[in-house]
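The values are calculated or read from the model by the stated rules, or taken from the named source; none is laboratory data. Please read these numbers as outputs of a predicted model, since none were measured by experiment. Heads up, the Cβs are rebuilt from the backbone with ideal geometry, glycines too, and the neighbour counts pull from every protein chain shown. We work out accessible area using only protein heavy atoms, side chains counted, and drop any ligands, DNA or RNA first. Shrake-Rupley method; radii C 1.70, N 1.55, O 1.52, S 1.80 Å.
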Amino acid sequence: MKKHLCLLFLALIATAASAQPLLRTHVETGDVEGVPDGPLAVYKAIPYAAPPVGDLRWRAPQPAKPWTGVRVCDQFGPMPPQPTRPGRTADMMSEDCLYLGIATPATSAADRLPVMVWIHGGGFQTEHYAGDLWRHLALRGVVIVSIEYRTGALGFMAHPELTKEDPGHHSGNYGLLDQIFALQWVQRNITNFGGDPSCVTIFGESAGAISCSMLCASPLARGLFHRCISQSGGSFAPWTDQPRSLGMDASQKGAEQQGLAFQRHLKKKNLKQLRKMDAMALCDGNVGFGGFWPCVDGYVITDDQYRLYERGQYNDVPVIAMTNSDEGALFTPGNIKAENYQKSARMMFGDMADEALKVYPCNTDDEAFHANGDAFRDIGFAWPSYAWVSLQAKTGHSGAYAAYLAQPSTRSFSQDPRRRGVAHADDIMYLNGFFLTHPDEYPAEAAVAEIIQQYWINFAKTGNPNGKGLPYWPTFDDSKPTTMQFSNGASLIMRPNREQIDFVDRFFKAKRQQAESLRKKH
C-alpha cells in the first residue's frame, strides 16, 4: 500500500509535468505572472477588490484598481488583522487584505478544468487564505482558488450608524460580501487560468464550511458556484434579536447591540471615531470582548436558514457535508471539572438540562472532558451537517452526501491524551497532502487520504463523488446506511451518534419556537 501511494503520487506529478504550466496570463485589472511549483503555476496574491481601508472600512467590497505592466504574484498577501500569537505578528497583517491565490495545472487558457474555491476557517476571527493552496488536489486536475475575506470586527461588526448609512439599511456580513465578490471575480477571470467558470465547487472547513452553507442559502451567491463541500460546519441554528450566544445566532438587530457594546468597550463616541482607529488597535480591542459572527441581515442572509431550507429557498447544488468523530476535543479545556461542566450544561440547556446530562453524562472529570467535547461536536458541527443533508434530501433536487471521518491516528491538532477520535481541523491533513507524503509513518491515514481526495475530485468534476475503484456512496437517506465513514478505508454506516444528534435537534426546535414566539409578541 505504501509503495502504491508513493508511485501514485509520483505518477500524478509526472503526468502534470508533461507540459509547461501557465505562468503568465491576464485578469480584468492587468497582466499577472505566477511562479512555478513543480508542474503547477501558482499565483500567490491577486487583488480581487480594492483595499477596504479609510472610508471603505465597513462597506461592501469595491473593484480593484487596474495596474500597468506585469504584476508578479510571488508573495502572499497579508493576513487580515487578528490577535497576534507565536508565528503571527502584527507586521504580517494589514487591513489591505482582499487577495486570492491560485494554483493551476493548466497549460493553456483553453483547458477548462474544474475549479475548487477554498474558504478558510478560524471562527470568522483568524487564519489566512495562504494557509494552503491545496497543491495535491490541483495535481489531480483542478484549478484551486484560495480567497481572503475580512474577519473579526472589521468583517462582521453591525452597528446602527452603519445600518443608517447603507442604502439598503444593512450592516455586518462584510466578510461574506467579500466571499461573494471573490466568487464573482472567479466567474469573470478564471477562464484565463485554464478554469471552467461553469464548474465551480466551493469548499471550506469550520467557519469556512459555515460560510459555504451561508452561500448556499444566500440569493446574492446564486449561480456563482455549482457544488459545495462542507468540512465541519453549517449554519442552521435558530436566531434571536439578542447578541449571539448559547448556540443562537443573531439578527441584525441583535448584532447591532453587540456593535454598540463594542464601541463602549473601546470608549469611542461614534462610528466616525471607530473608523479612525488603527486596524490592529481595533483588533486588539476585540480580545476579551467576544467574537463577531455573521448575522441575519435580510440581505446576505435573508432568514433563519433552517426555515429557508424547509421552504426550499436556497441555492440547490450538490453538497458533501463531513464531520469528524471527536471535533470537540480541540476546544475542551484539559483541566475541565465535572462540577463546572454540569453548571455550564444547565446554563446552556435550561429546561432540557436533565435530558442533556443523560445524553452527555458526566460524573468524573474525565467524563466531563468527553461530555463537553461530544456536546461541542454535535451542537457546533454534527447537528448542522445533519440538518443540512436531511433538509436538502427532503426539499432539494441535487444530491446531498453525508460523511464521517473517524480514522484512528496518533497525529492530531488536539494534544490531549484523552482524545478518542478525529479532532476538529484534523481533516485538513487528509486533503493538504501531509499523510500522502508520510505514508511510511501513517499508512492507514495515507490510504484514507487517497480515498477522500478521489471522492472530492470526482465530486468537483461531476457533482457526484462516485468513481472507479471507490465504494459506492449513495445520497443521504436517514433510514438507511448512507453516511460514508472514513476509517481504515471507507464504508457506509447509519447516521452516527444518533441519540445525541436527535437530542440536539429537539433542543434547537424548542429554541427556534421560543425565538419565533418572542418575535411575534414584539
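What the table below lists for this structure:
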| quantity | calculated |
| --- | --- |
| Whichever residue in the stretch 164-210 is of a type in the set (Ser, Thr, Tyr) and open to solvent by 20 Å² or more (accessible area, probe 1.4 Å) and, among such residues, is farthest from the chain's Cα centre (by Cα) | 191 |
| Residues being in a strand (DSSP E or B), modelled with pLDDT of 95 or more and under 24 Å from residue 287 (Cα atoms) - total across the stretch 61-92 | 1 |
| Filter result for residue 299 (aromatic (Phe, Trp, Tyr) and closer than 23 Å to residue 232 by Cα) | no |
| Filtered residues of the stretch 202-233 (kept if in contact with a Cys (Cβ under 6 Å, 6 or more places away or on another chain) and part of a helix (DSSP H, G or I)) | 212, 216 |
| Residue under evaluation residue 341, criteria (1) assigned to a helix (DSSP H, G or I); (2) among the hydroxyl-bearing types (Ser, Thr, Tyr); (3) out of contact with any Cys (no Cβ under 7 Å at 6 or more places or on another chain), criterion not met | (3) |
| Condition met for residue 197 (farther than 24 Å from residue 321 by Cα and not β-branched (Val, Ile, Thr)) | no |
| Within the stretch 420-522, helices (runs of 4 or more DSSP H) holding 1 or more residues that are closer than 23 Å to residue 143 by Cα, free of Cβ contacts under 8 Å to residues at least 40 places away in the same chain and open to solvent by less than 70 Å² (accessible area, probe 1.4 Å) | 428-431, 443-462 |
| Residue list for the stretch 307-316, filter: open to solvent by 20 Å² or more (accessible area, probe 1.4 Å) and either assigned to a strand (DSSP E or B) or closer than 25 Å to residue 496 by Cβ (or both) | 310 |
| Lone qualifier among 319, 300 - being crowded, with 22+ Cβ neighbours inside 10 Å and either within 16 Å of the chain's Cα centre (by Cα) or over 24 Å from residue 201 (Cα atoms) (or both) | 319 |
| Elements of type helices (runs of 4 or more DSSP H) contained in the stretch 236-290, each with 1 or more residues being modelled with pLDDT of 90 or more and touching a Cys at 6+ places or on another chain (Cβ under 7 Å) | 252-265 |
| Residues satisfying the stated conditions in the stretch 99-140, i.e. open to solvent by less than 10 Å² (accessible area, probe 1.4 Å), β-branched (Val, Ile, Thr) and over 11 Å from residue 41 (Cβ atoms) | 115, 117, 119 |
| Matching residues, the stretch 139-160, being farther than 17 Å from residue 243 by Cβ and not in a loop (DSSP other than H, G, I, E, B) | 143, 144, 145, 146, 147, 154 |
| Within the stretch 323-335, tally of residues that are part of a loop (DSSP other than H, G, I, E, B) and buried (at least 20 other Cβ atoms within 10 Å of the Cβ) | 3 |
| Filtered residue count, the stretch 17-34, keeping only those that are among the aliphatic types (A, V, I, L, M) and under 23 Å from residue 183 (Cα atoms) | 4 |
| Filtered residues of the stretch 346-393 (kept if at pLDDT below 95 and among the aliphatic types (A, V, I, L, M)) | 347, 348 |
| Residues that are surrounded by 13 or more Cβ atoms within 10 Å (Cβ to Cβ) and within 28 Å of the chain's Cα centre (by Cα), drawn from the stretch 18-28 | 27 |
